[in-house]
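The values are calculated or read from the model by the stated rules, or taken from the named source; none is laboratory data. Because the structure is a prediction, the values reported are computed rather than measured. Please note: Cβ atoms are built from the backbone with ideal geometry, for glycine as well, and neighbour counts cover all protein chains shown. When the accessible area is computed, the model is the full protein with side chains, heavy atoms only, and any ligands, DNA or RNA have been set aside. Shrake-Rupley method; radii C 1.70, N 1.55, O 1.52, S 1.80 Å.
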Amino acid sequence: MAKPRLLITRKLRTVVEKRASHDYDVVFNVDDDVFSEEDLILACQGVDAVLPCHSERFDAAVIRAIGPRLKIIANHSVGTDHVDLDAAKAAGIVVTNTPDVLSDATAEIAILCMLGAARRGAEGDALVRSGQWTTWSPSFMVGRQVTGRRFGVLGMGRVGQVTADRARGFGMEIHYHNRRRLPDHLEKRAVYHPTLDGLLAVSDVLSLHCPATAENMNVMNARTLALLPDRAIVVNTARGALIDEIALIAALRSGKLFAAGLDVFQTEPGGNSTLAGMSNVFLLPHIGSATEDTRDAMGFRALDNLDAFFAGQAPGDRVA
Ligand code: DGY
């Protein structure tokens with residue numbers, strides 16, 4: 001029997017590509033260039049399955065234009081905000097993601113962002129590198145200590161839970177807001193806030209871990225940022241769409257916020273040039289899941305979903 005034809009849109013780890021080649025007739029993107037919308041449609045028209053990343057947008061128009069051959073979008077990401085799930089369902093296309101396997105890596109980056117923001121990591125690094133580190137005194141580069149403070153988690157899913165565990169290691173008191181309260185064994189004595197406003201009022205550090213659904217767009221805006229304790233720290237490793245960056249910049253400039261640690265931005269790649277010019281911001285280029293172990297695991301998980309689908313079984317991570 002002919003192998004299903006699979007488009008892999010970006011360069012993946014060699015072990016993942018090898019396994020894919022064994023089981024599928026793979027179309028690789030050898031140059032790893034981002035597809036234009038037109039090229040993405042064209043490439044998907046000639047395959048049974050696609051294994052994309054969050055860098056490829058499957059909006060309703062793209063899905064309609066692809067036509068009947070494509071049967072499954074097996075994402076190499078936990079986030080699925082780049083795929084119009086309703087349009088995929090309407091077109092009879094199955095959609096899967098890669099949950100769980102990137103929680104540890106993303107939690108590490110959330111903690112790095114928190115510490116980088118609280119302890120002025122970007123500023124200190126720049127000072128040493130530029131050769132302008134010419135002094136030291138007890139009042140030099142004084143930051144905020146996170147030990148013992150309140151760590152607010154917005155979105156207590158898998159990544160939120162692991163990040164909360166890591167924050168516990170700093171003696172932080174965990175607070176969270178989620179659609180549903182967690183059972184005791186997952187809550188682990190964290191304080192549940194039934195409203196977002198309730199969580200914000202007690203979050204010395206606020207870490208975002210919710211998906212970028214339509215209702216969560218700009219969930220952190222001028223009104224909600226004002227509810228945080230004075231000199232709070234905001235951390236975002238989820239999606240840039242969750243924060244109104246103009247309001248964030250205003251809060252950082254006014255001193256309402258002490259600092260922010262950001263791995264994701266409204267515009268990617270690229271980020272925000274105003275934020276990039278500010279000293280109280282620690283910035284990374286969307287690398288939450290970028291470790292060797294996690295990239296392998298994400299690739300294998302996406303292939304597991306494809307294997308199940310083509311074996312006539314339900315893929316474990318079906319989201320549409
Ligand atoms: C994810 O898995 O959603 C990460 O943001 C990388 O795409």
Say we look at the range 271-298 and pick out the residues that are part of a loop (DSSP other than H, G, I, E, B) and within 11 Å of the ligand (Cβ to nearest atom); which of these is surrounded by the most Cβ atoms within 10 Å (Cβ to Cβ)?
SER289
Looking at GLY143, GLY171, GLY116, which is the one that is within 23 Å of the chain's Cα centre (by Cα), small (Gly, Ala, Ser) and not assigned by TED's automatic domain parsing to the domain that holds VAL83?
GLY116
Looking at (1) away from the ligand (no atom under 16 Å from the Cβ); (2) touching a helix residue (DSSP H, G or I) at 6+ places or on another chain (Cβ under 6 Å); (3) aliphatic (A, V, I, L, M), which one does VAL264 not meet, given that it meets all the others?
(1)
Of all residues in the range 27-37 being of a type in the set (D, E, K, R) and within 23 Å of the chain's Cα centre (by Cα), the one that is least open to solvent (accessible area, probe 1.4 Å):
ASP32
THR98, sole failed condition from (1) part of a helix (DSSP H, G or I); (2) buried (at least 21 other Cβ atoms within 10 Å of the Cβ); (3) within 16 Å of the ligand (Cβ to nearest atom):
(1)
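So that you can scan it fast, the table gives a plain yes or no per residue for (1) within 19 Å of ALA88 (Cα to Cα); (2) in contact (Cβ under 8 Å) with a residue 12 or more places away in the chain; (3) basic (Lys, Arg); (4) in a helix (DSSP H, G or I):
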residue	(1), (2), (3), (4)
LEU12	no, yes, no, no
VAL16	no, yes, no, yes
SER21	no, no, no, yes
VAL26	no, yes, no, no
CYS44	yes, yes, no, yes
ALA61	yes, no, no, yes
ARG69	yes, yes, yes, no
Quick check: anything in the range 74-82 under 29 Å from PRO52 (Cβ atoms), surrounded by 24 or more Cβ atoms within 10 Å (Cβ to Cβ) and in contact with a Cys (Cβ under 9 Å, 6 or more places away or on another chain)?
yes
For the range 38-69, what are the residues that are of a type in the set (D, E, K, R), open to solvent by 30 Å² or more (accessible area, probe 1.4 Å) and either within 25 Å of the chain's Cα centre (by Cα) or outside the structural domain of ALA20 (by TED's automatic domain parsing) (or both)?
ARG57, ASP59
Single match in ASP86, ASP104 (criterion: loosely packed, with under 14 Cβ neighbours inside 10 Å and not in a loop (DSSP other than H, G, I, E, B))
ASP86
Could you tell me which numbered condition GLN45 fails, if it satisfies all but one of (1) more than 16 Å from the ligand (Cβ to nearest atom); (2) of a type in the set (S, T, N, Q); (3) in contact with a strand residue (DSSP E or B) (Cβ under 7 Å, 6 or more places away or on another chain)?
(3)
Flagged in the range 67-83 as more than 16 Å from the ligand (Cβ to nearest atom) and at negative phi, in numbering order, are PRO68, ARG69, LEU70, LYS71, ILE72
